[in-house]
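I have placed the structure first, in the form of structure tokens, so that the comments after it can refer back to it.
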């Protein structure tokens, strides 16, 4: 009987074991696995519940509550020391918002399943405000936190943390996983509503804890997310319960566990992901009775709105349809469809932009049908060119045919936009090859061939066509180079036509400073000989490789014409030939070019040859007469000729004191401080920057508003312009050298100088939780200034990366912009640099007297020293030695140091450039994005200080710091 009884007992045990496996949970004394929790005997409390499909829900969306789920029996966690253990689980967190959640969840090892004194919210249902951090709690947790809590020094609102008796994690890392193949870190959003896997492994022998995570469909990564020594001996009790805890706040959030396995002294059993329960469907609730009533009404309203929209669409199409006017009938150019040009230029994307000039932007394109490369000039919103000028281009270029003129292929008019389609010149403008050091140097034969080609084209315009065409803007940037490097004269945006024998009646003075004939400035009338003058300057520019207005040496400022004339008078004309040619040029041709340039650019109109004579000289058909030298400079002769024309006499000398390129536009706009002042503001699309632009423009200045975000910058400009202000926009990223260089080129090409630079762009250098910001907005008005500053201090988190970015933007960015624009500011008769700093910049915020003295020692301070100080600060920041070494503390340390450095840089600049007024200031505590709108001043009030300092009189302070009451101490 005994053997039979033993056999029956064995069969019974096998059946019981099979029954246990059928419930989906493998159980043993030291390990278990749940592939779903349908029949699991978990200990649940609070919001926790198991759904019919086996999904464990730790919360159900109820506000300010918590839920717990524990394995029903305690485990012996210690055998002298804490034993090794391994955990694997699959979880998901579902919020009503995919970018915003409330609080997270955690895997917990605790001495009891009854966490009766817990708090919900940021305490995750584990601890409370009184026992958080107590050494006898006996709680170990791995948190999956979806909210940044400053009191726990959380790194962000999407991280994994290791907690020992406290919610202030001893180790943490942004949620994500490392790819085994590439080693690249991939971010994971804990509130993505997608299941994710987590593995927790503790080695009792080495006291090392590894935490790894990955998406559900990715195998366990080899590299853990967290791997660090964590000794649990003082934390975990002899016997403890393992499980999960989750808590909610005010945002509707649910926390789920799909599967879970655990093992002592060995790896956790793998989970079978194919058997895991599915998450509930996230979608709209069943239709309500109210919806059944409202839906038919809404449908009818939608149909009506659709009909109105269709009517408006048809009306808009009729209003903006392409209209052919009477003047278009007789002209030959092909008319392009806007759609065709849009596709050819890939939607007029910035990467297709060839340049800006001739009153419009020029884009490169390829016609889809013919694969012909084209250039499309699209008149910009800032253009002064209107329909009259557009028609002039169509008329003049529509029938012009010459090998040295850029051929107009056609045009388009749509929705008020004016577009011209040209042959594309693959080598771009001649200007780049003469003045851009990154371009190859043109040899002499190429240069002389270009001069001859442009002369031939200009002769055709003046004499060989059936009408006289005056170009009016001949310059190197308007000469384009084809595939064979032949010069072609382009940009007829300023062309004026009149019949042969009829005196031109154009009196609006437009063109480019340096190329304008003296009589054109005096009378406002363009003639063929004013074109000849510009051609003469152009010839000298090509020959000498120098701009018409520029400095020959740092202390030797001159006009190109005067410089060449002086050398020619001393019979040393060949010394002016471009030194980049290294002497490799035809001396006879070079002498001819120099003498021809001086003859064509003679101040007296009667002394200039016609273009037919010019071409004969260049082709060697006629010998060029000797030019009688004059002992008066060309500038002096021009001023004598223009005696009584004060605006030119005053402005011309002030525009020739630098190597900046000439200014294109109306001459009356270049008149020194009596009008036409140019101001540039960085970070001008909002807040103090935007209001500074508005106030400067209201005082008659032309303002260049810059911003990193082009769309927001353009929107800001349109808002300012509605008040009639003269404001233009240019994109600028202050930490991008290429972006800064493009801005400098734009200012140089459009204005030729800069009067005022206001460095306003900046960042806070801290990270703030948007949820906390939203919560505090309602309380701001009840706080005084000290309370607001204290709140900012407590709820602003600084990281090393944020600190580095703060230095790059607030100091190095301002320095980069300043250095790029300094040559243009030196052109101004009263240059200004205004650095917008902060009250936080004062040296009283430093706690080290030696540091204070170094920042305040303006006599010995250098830019190199400032960089060394910033490097030292960042090293101390990384090593957590800021307070120990006396740097500013109390929040926003990097911001305070960056602004203090900007103040010091201001004083260095003021010492190096005594002719300019260079100052820094605080706008005050302003309601802005940077202050989370906690300030006490409006942006309008804050902007008044930068504007006041920018418009200081010529004898005003320089190298000073201004608060709202006036000059103040840097300390």
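A crude spin-label estimate for the pair residue 915 and residue 179, with each label 7 Å from Cα along the Cβ direction, gives 5.6 nm.
Here residue 848 and residue 136 are evaluated by their C-beta separation; at R0 = 51 Å the FRET efficiency comes out at 0.80.
At a 10 angstrom cut-off on C-beta neighbours, averaged per residue, how do the peptides 760-767, 473-480, 107-114 rank from highest to lowest?
Values: 760-767: 21.9, 473-480: 25.9, 107-114: 19.9.
Taking the mean over residues of other Cβ atoms within 10 Å, the ranking is 473-480, 760-767, 107-114.
So if each residue of separation counts as 0.36 nm, and I subtract the Cα-Cα distance between residue 582 and residue 193, what length gain in nm does that give? Please list the in-between numbers first.
Working: separation 389, 0.36 × 389 = 140.04 nm, distance 6.93 nm.
Result for the pair: 133.1 nm of gain on full extension.
Ordering of 448-460, 342-354 by packing is 448-460, 342-354, highest average first (other Cβ atoms within 10 Å, averaged per residue). Counting only the backbone N, which residues of region 45-74 are under 16 Å from the spot 7 Å out from the Cα of residue 239 toward its beta-carbon? Only 71-74 pass the distance filter.
Projection of the Cα convex hull of region 22-275, averaged over all directions and equal to a quarter of that hull's surface, yields 12.5 nm².
Each label was represented as a point 7 Å from its Cα along the Cα-to-Cβ direction; for residue 865 and residue 936 these points are 3.6 nm apart.
Please compute the length gained on full extension between residue 698 and residue 819, using 0.36 nm multiplied by the number of residues separating them and subtracting their Cα-Cα distance.
Details: separation 121, 0.36 × 121 = 43.56 nm, distance 2.78 nm.
Length gained, residue 698 through residue 819: 40.8 nm.
Per-residue extension of 0.36 nm, minus the Cα-Cα distance of residue 293 and residue 117, leaves a gain of 58.5 nm for this segment.
Provide the packing ranking of 699-707, 601-609, i.e. peptides ordered by the mean count of other C-beta atoms within 10 Å per residue, highest first. Show your work: numbers first, answer last.
Details: 699-707: 22.8, 601-609: 18.6.
Order by mean packing, descending: 699-707, 601-609.
Note on residue 304 and residue 463: the model spin-label points, each 7 Å out from Cα along the C-beta direction, lie 7.5 nm apart.
Each value in this text was obtained by applying a stated rule to the coordinates, not by laboratory testing. Small disclaimer: the values here were computed from a predicted structure and weren't measured. When we count neighbours, we look across all protein chains shown, and the Cβ atoms used for this are built from the backbone with ideal geometry, even at glycine.
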